[in-house]
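The values are calculated or read from the model by the stated rules, or taken from the named source; none is laboratory data. Bear in mind the structure is a predicted one, so any value in this text is a computation, not a measurement. FYI the Cβ positions are ideal-geometry reconstructions off the backbone, even for glycines, and counts take in every protein chain you see.
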């Protein structure tokens, strides 16, 4: 069975579970190319803190949508959706299989599922953000409640509050009307990696420690000179905000490490909740023997079923 005969493959799950390595192995075994779906790996220079695969770790497998943004640019789900689907088509044209790899839940859904994404208008967004700064979130939340009560009940942070009001102004439709459906746009198999919670916590602590040993503080220092602090998306990446505090004298390295470990564990918990809610994901434990073989069998069985 060749790559051209196989469905799109997605490797998903929480950070630190081994998605990158499995994606490369499956691409090698099945004749595939990797498409990145980790929103922080879009950024040039954000390598250590995002555990971006090195050239050696990629093992000759083409990787797409890595290093496509400067840290001052804002990541866009809509832009990613278009770029990922273009990558899928181009990979298919070469007779190969797209292997989507990443743990950014909405980005994965945007690439794989039926999902209409409303456009943006920088002027409208800036006006709403200015009002948020001047009047606080209470006034904006009440406005959203009047026009879109379902979104008002679900939106938890100011960024999504602004986005929900922007969507309403631009489309006249509630933000929730654009939520993804669990319907793949083309045949797809999702492989999820999950490990025991305590084991994952240990893995994440070791991972953060290794990043720091490899020079995370220096990487943040270089990126700060390139405008990391001004980056609306990049500055929120795990480890980067914490080490900006070190550079600015607000935290010690030890405090930044601990804060990064805590934030990473929380993020992993949210990722696990997101992906566990999708019944289409085939879950595997990366600690069990024969991981790649088991994943290949799942993909080939799905292809045989059509």
Picked from the range 277-306 (must be under 18 Å from residue 203 (Cβ atoms) and in contact (Cβ under 8 Å) with a residue 12 or more places away in the chain), the residue surrounded by the most Cβ atoms within 10 Å (Cβ to Cβ) is 284
Residue hits (the range 93-103; touching a helix residue (DSSP H, G or I) at 6+ places or on another chain (Cβ under 7 Å) and either in a helix (DSSP H, G or I) or buried (at least 23 other Cβ atoms within 10 Å of the Cβ) (or both)) are 97, 98, 99, 100, 101, 102, 103
Residue 46 vs (1) closer than 28 Å to residue 300 by Cα; (2) crowded, with 20+ Cβ neighbours inside 10 Å; (3) at pLDDT 95 or above: all pass except (1)
_Going residue by residue through the range 255-262, is there one that turns out to be buried (at least 17 other Cβ atoms within 10 Å of the Cβ), touching a helix residue (DSSP H, G or I) at 6+ places or on another chain (Cβ under 8 Å) and either within 21 Å of residue 37 (Cα to Cα) or assigned by TED's automatic domain parsing to the domain that holds residue 109 (or both)?_
no
Of 139, 147, the only residue that is loosely packed, with under 14 Cβ neighbours inside 10 Å, farther than 28 Å from residue 262 by Cα, in contact with a helix residue (DSSP H, G or I) (Cβ under 8 Å, 6 or more places away or on another chain) and not assigned by TED's automatic domain parsing to the domain that holds residue 266 is 139
Any residue at all in the range 174-191 that is exposed (fewer than 14 other Cβ atoms within 10 Å of the Cβ), over 22 Å from residue 112 (Cα atoms) and out of contact with any helix residue (DSSP H, G or I) (no Cβ under 9 Å at 6 or more places or on another chain)?
-> no
Subset of the range 265-276, residues buried (at least 16 other Cβ atoms within 10 Å of the Cβ) and under 26 Å from residue 26 (Cα atoms), comes to 267, 268, 271, 272, 274, 275
key: Residue check, residue 33 loosely packed, with under 15 Cβ neighbours inside 10 Å and either touching a helix residue (DSSP H, G or I) at 6+ places or on another chain (Cβ under 7 Å) or at pLDDT below 95 (or both)   = no
Could you tell me whether the range 16-30 includes any residue that is in contact with a strand residue (DSSP E or B) (Cβ under 6 Å, 6 or more places away or on another chain), at pLDDT 95 or above, closer than 28 Å to residue 226 by Cα and buried (at least 23 other Cβ atoms within 10 Å of the Cβ)? no
Within the range 104-135, residues assigned to a helix (DSSP H, G or I) and surrounded by fewer than 14 Cβ atoms within 10 Å (Cβ to Cβ) come out as 122, 123, 126, 130, 133, 134, 135
Among the residues of the range 271-282, the number that are touching a helix residue (DSSP H, G or I) at 6+ places or on another chain (Cβ under 8 Å) and assigned to a helix (DSSP H, G or I) is 3
Test: residue in the range 30-51 that is assigned to a strand (DSSP E or B), within 12 Å of the chain's Cα centre (by Cα), touching a residue at least 40 places away in the same chain (Cβ under 8 Å) and closer than 21 Å to residue 201 by Cα: no
The residue that is surrounded by the fewest Cβ atoms within 10 Å (Cβ to Cβ), considering only those in the range 62-87 that are assigned to a loop (DSSP other than H, G, I, E, B) and touching a strand residue (DSSP E or B) at 6+ places or on another chain (Cβ under 6 Å), is 62
